[in-house]
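Read through the structure below, which is laid out as structure tokens, and then see the notes.
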Amino acid sequence: EVILLVLDAVDFLTEQDKRVAGIAHEAGKSVIILVNKWDLVEKDHRTVKEFQERIRFELGFLSYAPVLFVSAKTGQRVERILSEVFQVANEYTRRVSANQLNQLLREAISLHHPPSRKGKQLKLYYITQIKVKPPTFQLWVNDPKLMHFSYQRYLENRIREDFGFTGSPLRFVLRKKTGED
């Protein structure tokens, strides 16, 4: 349930690496990015930050995935991998109560109002977590077509800020609120 995406620090990020990363993300698996052969890279005080920025740029869809710089040959930071796997696995199965989620939703809406499209305003009524592996949230709205991807990303970021979910993709199911709900 936890994918270890191993990148070669020397070759950096190949097209095959990107395809494998995309498959893991689309499958809804949790991901840890391992940059191996870190012992072969000439480093200064900016190297880690530069590598992380390049990874985030090239694999922006895996922004939730932690990055570890390791060396299988020297054993550098290899001992941290298993603890990271357990932490990410915990996050992958985390459940958040509807009360907590709806409080977050109210705060998020008050700080940043939902967008409108063609004169129609998106209204968000309720949110609940309906699944783990991957964490999946159902949002009741007035019209799912009014949800812009950027506002959904905003809600995802707010959920991550408050509840973590490190290493896990978050999924959203939009449901139109009817009189029966």
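Observations on the structure shown:
- Of 59, 40, 146, the residue with the greatest mean-square motion in the GNM of the chain, using alpha carbon springs below 10 Å, is 40.
- Unit charges on C-beta of K, R, D, E only; dipole of the chain, Debye: 860
- The Kirkwood radius of region 112-181, taken over pairs of alpha-carbon atoms, gives through the Stokes-Einstein law at 20 °C and 1.002 mPa s a diffusion coefficient of 167 µm² s⁻¹.
- Seen from residue 107, the other residues with C-beta closer than 10 Å to its C-beta sum to a net charge of +1, counting Lys and Arg as +1 and Asp and Glu as -1.
- Note on the chain: with a GNM built from Cα contacts shorter than 10 Å, the maximum mean-square fluctuation among 156, 15, 58 falls on 15.
- Solvent-accessible area of residue 56, all protein chains in place: 80 Å² (probe radius 1.4 Å, heavy atoms, ligands and nucleic acids excluded).
- Gaussian network model of the chain, springs between alpha carbon atoms under 10 Å - residue of 136, 14, 166 with greatest fluctuation: 14
- For region 96-181, the relative contact order comes to 31 percent (Cα pairs under 8 Å, sequence separation of at least 6).
- Here's the picture: a label point sits 7 Å out from the Cα of residue 39 along the beta-carbon direction, and within region 50-78 the residues with their amide nitrogen under 16 Å of it are 69-78.
- Span per principal axis, largest first, for the Cα atoms of the chain (Å): 62, 32, 28
- With Cα atoms as the point set, the radius of gyration and Dmax of region 24-68 evaluate to 11.8, 36 Å.
- Simple spin-label estimate for residue 99 and residue 121 in nanometres, 7 Å along Cα-Cβ: 2.9
- 3J(HN,Hα) couplings calculated from phi for region 109-115 with the Karplus curve 6.51 cos²θ - 1.76 cosθ + 1.60 (θ = phi - 60°) are, in sequence order, 5, 5, 7, 8, 5, x, x Hz; Gly and Pro show x.
- Pairs of alpha carbons in region 77-146 whose separation is greater than 14 Å (percent): 69
- Charge dipole (the chain, unit charges on Cβ, about Cα centre) - positive-most of 148, 135, 86: 148
- Its Cα gyration tensor gives region 56-116 an equivalent ellipsoid. The semi-axes, each the square root of 5 times an eigenvalue, are 35, 17, 8 Å from largest down.
- With the simple model of a label 7 Å out from the Cα in the direction of the Cβ, residue 113 to residue 79 spans 5.5 nm.
- Of all DSSP beta bridges confined to the chain, the antiparallel ones make up roughly 35%.
- Over region 46-101, accessible surface divided per residue gives 60 Å², non-protein components excluded, 1.4 Å probe.
- Angle between the chain longest axis and helix 47-58 axis [Cα atoms, degrees, rounded to 10]: 50
- Taking the helices alone, the chain has a mean residue ellipticity at 222 nm of -12000 deg cm²/dmol, built from -39,500 (n - 2.57) per DSSP H run of at least 4 residues and averaged over all its residues.
The values are calculated or read from the model by the stated rules, or taken from the named source; none is laboratory data. All of these numbers come straight from a predicted model, not from anything done at the bench. Heads up, the Cβs are rebuilt from the backbone with ideal geometry, glycines too, and the neighbour counts pull from every protein chain shown. Only protein heavy atoms, including side chains, enter the accessible area calculation; ligands, DNA and RNA are left aside. Shrake-Rupley method; radii C 1.70, N 1.55, O 1.52, S 1.80 Å.
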